[in-house]
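Participant: Take a look at this one; I'll ask things after.
Here, each number is a calculation from the coordinates, and none is a lab measurement. Being a predicted model, the structure only gives us computed values, none of them experimental. For neighbour counting, all protein chains shown are included, and Cβ atoms are generated from backbone atoms with ideal geometry for every residue, glycine included.
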Amino acid sequence: MSAGQERNEGGCHVALTRDHLSAQSAMDKVRSPEAGAIVLFAGTTRNSFAGKPVKELQYTAYPALALRTMLTIAQTVKEKHSLKGVAMIHRLGTVPIMEESILIAVSSPHRQAAWRAGEEALEMCKERVEVWKKEEFEGEGGVWRANRDGKMGVKVEDGNEEKSMAKNGGNDNGGLNVS
């Protein structure tokens, strides 16, 4: 991972990368002799959205702000659920079908807290992290989406990607969309 693309603080690890994501690496970042549970969420690119065939996803971010927001989320859920560790890693760039775009791993002495914390961390990421995705549909071009479940994106017109992102939540702390 390139410098400045990850932060570690007090048992919380957050990162943005263009590399393939490793579930084992994410779990290793939260391992603790005091943890009896590790919960891992892996968000993968699926082959369709709203009945349309998806070719691939492309992610972009405001890295400095996204890392800060991710670290705040990790620290919040760690404290709230008395976790031993939290790791949140988001992939940027092109993410083909069946590959991971985000990994969230949490460790806790007991499984109930880990389950709750993992889902809460994901939902907070979807609401707040400054990462956006462009869904590339087969034969139709791309659609930018902010992180709002169930909302359609804005079709990207050639040369108007910034305008499309702004219409679709690019200025409202839009977030990653892991569907």
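Participant: Counting only residues 5 or more places away or on other chains, whose amide H sits under 5 Å from the amide H of GLY36 once H atoms are built in the peptide plane?
Facilitator: Answer set, sorted by chain and number: SER108, HIS110.
Participant: Then there's this: Quick check: Cα centre of the stretch 1-70 to Cα centre of the stretch 102-122, how many Å?
Facilitator: Cα centres, the stretch 1-70 to the stretch 102-122: 14 Å.
Participant: Relative to a virtual label point 7 Å from the Cα of ARG18 in the Cα→beta-carbon direction, which members of the stretch 84-100 show backbone nitrogen distances below 15 Å?
Facilitator: Those under the cut-off are 91-96.
Participant: So, one more: Debye sum, Cα scatterers, the stretch 1-136, no solvent: what log₁₀ I/I(0) at q = 0.11 1/Å?
Facilitator: The Debye formula, applied to the Cα set alone, gives -0.37.
Participant: Suppose R0 equals 25 Å. What FRET efficiency, 1/(1 + (r/R0)^6) with r the Cβ-Cβ distance, do ASN8 and ALA42 give to the nearest 0.05?
Facilitator: The formula returns an efficiency of 0.75 here.
Participant: Under a 5 Å amide H to amide H cut-off, with H placed in plane at 1.01 Å, what residues pair with VAL95 once short-range neighbours are removed?
Facilitator: Here the answer is LEU57, GLN58, TYR59, since their amide H atoms fall under 5 Å of that of VAL95.
Participant: So, in nm, how far is label THR94 from label GLU140 when the simple model puts each one 7 Å beyond its Cα toward the Cβ?
Facilitator: About 2.0 nm separates the two model spin labels.
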